[in-house]
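Asker: The structure follows.
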Amino acid sequence: MTLAERKTLARKTALAIRATCDPSVGGRLAEHLILPLGITVSAFWPLQGEIDTRTLIHALHTRGHQILLPETPPRGHPLIFRRWTPGCTMRTERFGTLCPEGEIGVPETMLVPFLAFDRTGRRLGYGGGYYDRTLAALPGVPAIGVGFAALEVDAVPADDYDARLDAIVTETGVIPIERD
């Protein structure tokens, strides 16, 4: 089986598992994720079925973080990040994502969605490569995977271009990643 076929199968399996998860447990994320004060954080507004990150986003804003949410550019380009504040105008984008109309910013830490993760920091995304390209364009910016604990697998099928996470936060806690 090719890597692409293994990723397709892993996505199908992860989506089936995710369908059994309760997005509202995302309210617990803010209890576990504490970041250095004042840094600019890119987060993501949840798609249907993803863990609900909205409580976390509001908590980080209340703690004094500037929040950025991604704008999805044409395929093959890294994400663009726009400033979010409570009550700001949001617009619907490709893939059903929501993006604020705020000014463009650069994150100092990125919160990254996943369909699956493993303890080596590998994540399985939706297959567009947006976060991999973005992380490659922002070397040194920590990437923290955010999603359901139930989506942990023994090994995510990955290639060299697949970016690795520095930590994972789920409704059950933070998993630090140790690199070899």
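The values are calculated or read from the model by the stated rules, or taken from the named source; none is laboratory data. It should be emphasised that the depicted structure is a prediction, and the values quoted were computed from it without experimental measurement. Cβ: placed from backbone, ideal geometry, glycine included. Neighbour counts: every protein chain shown.
Asker: For residues in region 65-94 being more than 17 Å from E50 (Cα to Cα) and polar (S, T, N, Q), which is surrounded by the most Cβ atoms within 10 Å (Cβ to Cβ)?
Answerer: Within region 65-94, the match that is surrounded by the most Cβ atoms within 10 Å (Cβ to Cβ) is Q66.
Asker: Considering only residues that are assigned to a helix (DSSP H, G or I) and of a type in the set (A, V, I, L, M), which ones fall in region 124-146?
Answerer: L135, A136, A137
Asker: I would also like to ask the following. For T55, state whether it is surrounded by fewer than 18 Cβ atoms within 10 Å (Cβ to Cβ), of a type in the set (V, I, T) and assigned to a helix (DSSP H, G or I).
Answerer: So T55 passes the test.
Asker: With T134, T109, T97 as the choices, which residue is surrounded by 14 or more Cβ atoms within 10 Å (Cβ to Cβ), at negative phi, in contact (Cβ under 8 Å) with a residue 12 or more places away in the chain and touching a Phe, Trp or Tyr at 6+ places or on another chain (Cβ under 7 Å)?
Answerer: Only one candidate passes the filter, namely T97.
Asker: Quick test of your reading of the structure: G49 fulfils all but one of (1) free of Cβ contacts under 8 Å to residues at least 24 places away in the same chain; (2) in a loop (DSSP other than H, G, I, E, B); (3) not aromatic (F, W, Y). Name the failing condition by number.
Answerer: Against the list (1) free of Cβ contacts under 8 Å to residues at least 24 places away in the same chain; (2) in a loop (DSSP other than H, G, I, E, B); (3) not aromatic (F, W, Y), G49 comes up short only on (1).
Asker: Filter region 91-136 down to the residues that are within 20 Å of L29 (Cβ to Cβ) and aliphatic (A, V, I, L, M), then identify the one that is nearest to the chain's Cα centre (by Cα).
Answerer: By that ranking, first place goes to V112.
Asker: Would you check which residues across region 147-180 are without any contact (Cβ under 8 Å) to a residue 12 or more places away in the chain and part of a loop (DSSP other than H, G, I, E, B) and list them?
Answerer: Scanning region 147-180 gives D160, E178, D180.
Asker: Moving on. Within region 139-180, can you find the residues that are of a type in the set (V, I, T) and either at pLDDT below 95 or more than 23 Å from R18 (Cβ to Cβ) (or both)?
Answerer: Correct list: V141, I177.
Asker: Now for a separate question. Looking at region 64-110, what strands (runs of 3 or more DSSP E) fall wholly within it and have at least 2 residues that are of a type in the set (K, R)?
Answerer: Filter on region 64-110 gives 80-84.
Asker: Follow-up. Could you count how many residues in region 98-129 are closer than 17 Å to L60 by Cβ and small (G, A, S)?
Answerer: So the answer is 2.
Listed here are the residues, each with its yes/no results for (1) more than 29 Å from M1 (Cα to Cα); (2) out of contact with any helix residue (DSSP H, G or I) (no Cβ under 9 Å at 6 or more places or on another chain); (3) not acidic (D, E).
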{"position": "L79", "(1), (2), (3)": "yes, no, yes"}
{"position": "R91", "(1), (2), (3)": "yes, yes, yes"}
{"position": "R133", "(1), (2), (3)": "no, yes, yes"}
{"position": "A150", "(1), (2), (3)": "no, no, yes"}
